[in-house]
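*Asks:* Input: one structure, supplied below.
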Amino acid sequence: MVKQIRQTDGPRHIAIIMDGNGRWATQRGRPRLFGHHAGAKRVREIVEACPDLGVKYVTIFAFSTENWKRTQTEVTGIMNLFRRYITQEAQALLKENVRVRFIGDRLRLDKKLIKLMAELEDMTSPCTGVNLTIAINYGGRDEVARATKRLAQEVRDGHLDPEDVNEETLTRFLDTHVLPDPDLVIRTSGEARISNFLLWQSAYAEYEFVDTLWPDFSAQELAKLVTSYGKRERRFGRVLA
Ligand code: IPE
Ligand code: IPE
Ligand code: MG
């Protein structure tokens, strides 16, 4: 008997670990930053493909709390790229009706970048199309630690009873509190690890690890992954009849 494949709805929220920029550049005999620039250019095509695929939220990992361990040249280059990206892409994002948010700890970022991030969030706040969330200086453990700190302050100040602390309460303190959990997490470049991305939120996400290096990732490849997601059976701990 052929097993009936249960069709799941398409992923509403896709999270992407955009990995492989450095190797892409090295393969071409170019500095790593060349790969980061090429990688940043891919984002637009991927975001623009989302509405037709039924994807309402896309969250991209751009810089981790661990990425500060790279050389000063690479870190400064990436930070400059973020500033340039925001300045150059703002109008196109607005025109595409994309609502942009940032997650991660902003305190360690440069003042000019923080300002540009806040301006882009404000400017696109009326947008009702795709929700693009960019993770900069983001780490899942750091996020949970920061959330716990704020939660503890609420308890100290008498606004929260420890008896009321549960999964839902903690979720409210996370950077992602307005976003649904990701349904599908994609990592490019062949590495099968999550490197501290959305740890809490991805508890029941489906994962796809693809060999393509991020600067070569295309809307067609995304569409294929969305199709195969539709053939998966998500159980959330249950036994399905
Ligand atoms: C991902 O590409 C981008 C960032 C982490 C900023 P990498 O820079 O990690 O590229 P590889 O993994 O070295 O090829
Ligand atoms: C994860 O990639 C972070 C981003 C894509 C921004 P890394 O390249 O930093 O992860 P590891 O070091 O291979 O685990
Ligand atoms: Mg990498």
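The values are calculated or read from the model by the stated rules, or taken from the named source; none is laboratory data. On a predicted model such as this, the values are computed, not experimentally measured, just so you know. Cβ atoms come from the backbone with ideal geometry, glycine included; neighbour counts cover every protein chain shown. Heavy atoms of the whole protein, side chains included, go into the accessibility calculation; ligands, DNA and RNA do not. Shrake-Rupley method; radii C 1.70, N 1.55, O 1.52, S 1.80 Å.
*Asks:* Restricted to segment 105-122, and to residues that are in a helix (DSSP H, G or I) and charged (D, E, K, R), which residue is least open to solvent (accessible area, probe 1.4 Å)? Even if it seems obvious, please write down each step before you answer.
*Replies:* Within segment 105-122, the subset in a helix (DSSP H, G or I) is 106-108, 111-122.
Adding the requirement that they be charged (D, E, K, R) leaves 106, 108, 111-112, 115, 119, 121-122.
Details: R106: 64, R108: 145, K111: 171, K112: 132, K115: 125, E119: 86, E121: 41, D122: 112 Å².
In this case the residue turns out to be E121.
*Asks:* Assuming K224 fulfils every condition listed in (1) away from ligand 3 (no atom under 16 Å from the Cβ); (2) open to solvent by 30 Å² or more (accessible area, probe 1.4 Å); (3) closer than 27 Å to V144 by Cα; (4) not polar (S, T, N, Q) apart from one, which condition is it?
*Replies:* The one condition K224 does not meet is (3).
*Asks:* Related question: Which one of these does M79 not meet: (1) under 21 Å from I186 (Cα atoms); (2) open to solvent by less than 40 Å² (accessible area, probe 1.4 Å); (3) in contact with an Asp or Glu (Cβ under 7 Å, 6 or more places away or on another chain)?
*Replies:* Result: M79 fails condition (1) only.
*Asks:* Which pairs do you get when a residue that is free of Cβ contacts under 8 Å to residues at least 24 places away in the same chain, found in segment 29-44, comes within reach of a residue that is near ligand 1 (Cβ under 10 Å from one of its atoms), reach meaning Cβ atoms under 6 angstrom, with the pair 6+ apart or on two chains?
*Replies:* Final answer for the pair search is F34/A25.
*Asks:* Of everything in segment 121-137, what is among the aliphatic types (A, V, I, L, M) and either within 11 Å of the chain's Cα centre (by Cα) or at pLDDT below 95 (or both)? Give them in sequence order. It would help to see each step written out before you state the result.
*Replies:* Start the filter on segment 121-137 by keeping residues that are among the aliphatic types (A, V, I, L, M), which leaves 123, 130, 132, 134-136.
Matches in segment 121-137: L132, I134, A135, I136.
*Asks:* Report, by residue number, each residue of segment 74-97 that is away from ligand 3 (no atom under 16 Å from the Cβ) and free of Cβ contacts under 8 Å to residues at least 12 places away in the same chain. It would help to see each step written out before you state the result.
*Replies:* If we filter segment 74-97 for residues that are away from ligand 3 (no atom under 16 Å from the Cβ), which is where we start, we get 76, 79-80, 82-97.
Within segment 74-97, T76, N80, R84, Q88, Q91, K95 qualify.
*Asks:* Return the residue satisfying two criteria in turn: it lies in segment 24-62 and is within 11 Å of ligand 2 (Cβ to nearest atom), out of contact with any helix residue (DSSP H, G or I) (no Cβ under 6 Å at 6 or more places or on another chain) and not β-branched (V, I, T), and of such residues it is farthest from I194 (Cα to Cα).
*Replies:* A62
*Asks:* Please determine, by comparing only the residues of segment 22-61 that are of a type in the set (S, T, N, Q) and open to solvent by 20 Å² or more (accessible area, probe 1.4 Å), which one is farthest from ligand 3 (Cβ to nearest atom).
*Replies:* Going residue by residue through segment 22-61, those that are of a type in the set (S, T, N, Q) are 26-27, 59.
Subset that is open to solvent by 20 Å² or more (accessible area, probe 1.4 Å): 26-27.
On the way: T26: 11, Q27: 14 Å.
The extreme case among them is Q27.
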